[in-house]
Every structure is written in C-alpha cells, then in structure tokens.
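S.K.: Before I ask anything, let me first share the structure, which is written out below as structure tokens.
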Amino acid sequence: MANQSKENWYGRIDLPTTFDNLRYHQVVACHEEVNELAFVPTIGLIGFSCDEGVKRYQGRVGAAEAPAAIRRALSNIPWRAPQPSKLKDYGNILCEESLETSQKKLGEKVYHILQHKERAIILGGGHETLYGHYLGVRKMYGADVKIGILSIASRFSLHSYDQHTTSMSVMKQILDEDDHVTCFACGIGRYTNTNELFQRAEAYGVAYLCEDELARGELQMMMDEFTQTCDVMMISLCMDVLDVAYAPGVSIPAVCGLEPKQVREILQVATRQPNVVSFSVCEVNPVHDQDHRTEKLAAHLTNIVMVGLLQAF
C-alpha cells in the first residue's frame, strides 16, 4: 500500500480562490487529513497500480502507471460537484506480491471505503482491477445481495483460466464464483470477441449491447431492466472500449470502438440509477499514450461519474 500524498495533485489556481473557482487539486484531501465530524457526501478514491493480469494475457504492459497519470489529469478539472461534498484520496494498492493477493488487498480497501458510507472510485490498473473491485462490494453487502456489474468494454472478459487468471478472465471468475451477480456489457465489439465468447456470454446470462447498437432509447430500456435485477450496482469502464483515435494509450487498442460522447452518455444514464455504489476505470496505459489523450479522457469520464454519484447521494 503506497502512502497517500498530494504529489500528483497540482495545477492552475484561479483568483479569487472562492469555492466557485476551485479545481480538483484544491479540493482533494488525503484520507488521514480528513476530520470526520459530520456526514458529508464523499467520494473515496483508491488507485490499483497493477498490470500483472495484462502481462499474463500478453497485452501491452504499462497500466500500472495509470493511477498517478489519471490523478494528474483530474487535477485541473473544475470541481463542479454539489455542495457539501468531499473527495478523499486513499493512495494506491501496489502489486508487490501475486496478482491474487493484490486483488484481495484492493477488495479490502474498497470495502473500507464503502463501510464509511462513501462511494468508491478505483483508478486501475489493468482489467484485473474489476475482480478486486467486486471483492470489496461483495464483502460490504453480504453473500445474498444481488450485485449488478455494468461493464463498459469491448471484450466480455470471459476467457478460461485453466492455467492462471488474467485481465481477460475476470468476468468469468466472478460469474463462476457468485450466483448472485448479473452483468450488462455495453460496447461489445462484434469482431473483437470470438463466437465461443458470444456463446459463453449467452450461457452465463450476460446482457449486452454491441458497439453498433447503442441507440439512446434501447440503452435506457436495457439499463432500466438491468437495474431491476440487482440490489446494488457497480460500474467498470475499460478504456479500450473507445476507438484508438480517441484512446491510443490502452493495453489493447480498439478499431471501430466507441466515441467519447457515447461512453459519456452511458455513464450519465448509469449514474442516475439510485443503487450505484462504485466505479472503476481500467486499461489506461500511459506508456503508449499520445499527448496524454487517453489519460485526460479517462479523467474526464471519471469526473462525470463522480459528479453523478455525488448528485445521487
């Protein structure tokens, strides 16, 4: 576990320094700095500096550097959240041991954040981030609560894990282990997944919309239906769902991926649901980014989610 610090939180300061002029870097507080005197709607931010699952899948490594990069990109965004509200930074989980141990540590931290009645935001990391995210939500709400996972990704992540788990096996792991989880996948690539993976999705009861099916009316209808199947909902955004023209800095770039406005709309529709408790953003790869485009886009979309979750408190 890395210490919480403000080393990645810096940026422009507008004068006068009134509340209406504040940006993220002026609002965020490291966890140990916060005085818990009264309840205030709060976002708890945790980084997962790990791309071991990507490495196992033979993808492009580098996503372990993403939490710091996304924080830097968030820093200059104006703070437009409703008041009163708080943003607390819990630092990073480092992958210093095995992937599985690191995922358990992430789960413990997500549980801790949710236990404090905060909404959890996880900055990954490879897509293996999702499994640790899930562990924390499940521990918080108990074995019998129905969890819905909204996966905004081009891939189902339903690959087999006979030898070892990877970034592309996380959804299968979760569904194999937990009968009280349902999944809605948005942005699935028709030619990114094999026929077997589509068949596996059908067998596991995964609801999905392909990248060419995201009409607003159908999205809203399926989202409403999906939320009826779960007690609590968690959102996972895999940045490789976006077209490579917008998100070059990912582990596996997408051809014919989504446009940023489409992903923003999905997130806006999703965060209006009252049972959303957490969000993770995965697969930003600063090593392969161009002009910080992917990092900035991930920060913008994360900001959309934070504002939505704070408005829904």
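S.K.: What residue, of 138, 155, 200, 216, is over 22 Å from residue 282 (Cα atoms), modelled with pLDDT of 95 or more, of a type outside the set (A, V, I, L, M) and out of contact with any His (no Cβ under 6 Å at 6 or more places or on another chain)? Break it down stepwise before answering.
M.R.: On the way: 138 fails: over 22 Å from residue 282 (Cα atoms); 155 fails: over 22 Å from residue 282 (Cα atoms); 216 fails: modelled with pLDDT of 95 or more.
It is 200.
S.K.: Which members of the range 103-121 meet the condition of being within 18 Å of residue 173 (Cα to Cα) and either at pLDDT below 95 or in contact with a strand residue (DSSP E or B) (Cβ under 6 Å, 6 or more places away or on another chain) (or both)?
M.R.: Across the range 103-121, the qualifying residues are 105, 106.
S.K.: Does the range 28-60 hold any residues that are among the hydrophobic types (A, V, I, L, M, F, W, C) and surrounded by 17 or more Cβ atoms within 10 Å (Cβ to Cβ), and which are they? Can you show your working first?
M.R.: From the range 28-60, those among the hydrophobic types (A, V, I, L, M, F, W, C) are 28-30, 34, 37-40, 43, 45-46, 48, 50, 54; that's our starting set.
Correct list: 28, 43, 45, 46, 48, 50, 54.
S.K.: Can I ask one more? Check whether at least one residue in the range 158-171 is of a type in the set (Phe, Trp, Tyr), closer than 20 Å to residue 282 by Cβ and buried (at least 18 other Cβ atoms within 10 Å of the Cβ), and report yes or no. Show your work before the answer.
M.R.: Here is the first cut: in the range 158-171, the residues of a type in the set (Phe, Trp, Tyr) are 161.
Imposing the further condition that a residue be closer than 20 Å to residue 282 by Cβ reduces the set to 161.
Add one more test, that the residue is buried (at least 18 other Cβ atoms within 10 Å of the Cβ), and what stays is none.
Looking for residues that are of a type in the set (Phe, Trp, Tyr), closer than 20 Å to residue 282 by Cβ and buried (at least 18 other Cβ atoms within 10 Å of the Cβ), one finds none in the range 158-171, hence no.
S.K.: Still on this model: Are any of the residues in the range 62-71 basic (Lys, Arg), in a helix (DSSP H, G or I) and either in contact (Cβ under 8 Å) with a residue 40 or more places away in the chain or surrounded by fewer than 16 Cβ atoms within 10 Å (Cβ to Cβ) (or both)? Quick ask: steps written out before the conclusion?
M.R.: Step one: of the range 62-71, the residues basic (Lys, Arg) are 71.
Add one more test, that the residue is in a helix (DSSP H, G or I), and what stays is 71.
Then keep just the ones that are either in contact (Cβ under 8 Å) with a residue 40 or more places away in the chain or surrounded by fewer than 16 Cβ atoms within 10 Å (Cβ to Cβ) (or both); that gives 71.
Yes: one or more hits.
S.K.: Would you pick out the residues in the range 263-282 that are aliphatic (A, V, I, L, M) and in a helix (DSSP H, G or I)?
M.R.: Our first condition is that a residue be aliphatic (A, V, I, L, M); within the range 263-282, this holds for 263, 266-267, 269-270, 276-277, 281.
Correct list: 263, 266, 267, 269, 270.
S.K.: Check off (1) over 20 Å from residue 130 (Cα atoms); (2) in a loop (DSSP other than H, G, I, E, B); (3) touching an Asp or Glu at 6+ places or on another chain (Cβ under 9 Å) for residue 287 and give me the number that stays unchecked.
M.R.: Tallying (1) over 20 Å from residue 130 (Cα atoms); (2) in a loop (DSSP other than H, G, I, E, B); (3) touching an Asp or Glu at 6+ places or on another chain (Cβ under 9 Å), residue 287 fails exactly one: (2).
S.K.: Moving to a separate point now. When the range 30-49 is examined, which residues are found to be at pLDDT below 95 and over 15 Å from residue 310 (Cβ atoms)?
M.R.: Answer for the range 30-49, where residues must be at pLDDT below 95 and over 15 Å from residue 310 (Cβ atoms): 30, 31, 32, 33, 34, 35, 36, 37, 38.
S.K.: Further question: From the set of residues in the range 227-241 that are in a strand (DSSP E or B) and touching a Ser or Thr at 6+ places or on another chain (Cβ under 8 Å), which is surrounded by the most Cβ atoms within 10 Å (Cβ to Cβ)? Please lay out each step first, then the result.
M.R.: Let us first name the residues in the range 227-241 that are in a strand (DSSP E or B), namely 232-238.
Retained after the next criterion (residues that are touching a Ser or Thr at 6+ places or on another chain (Cβ under 8 Å)): 233-238.
Details: 233: 26, 234: 26, 235: 27, 236: 26, 237: 28, 238: 30.
For the range 227-241, the residue satisfying everything is 238.
The values are calculated or read from the model by the stated rules, or taken from the named source; none is laboratory data. Bear in mind the structure is a predicted one, so any value in this text is a computation, not a measurement. Cβ atoms come from the backbone with ideal geometry, glycine included; neighbour counts cover every protein chain shown.
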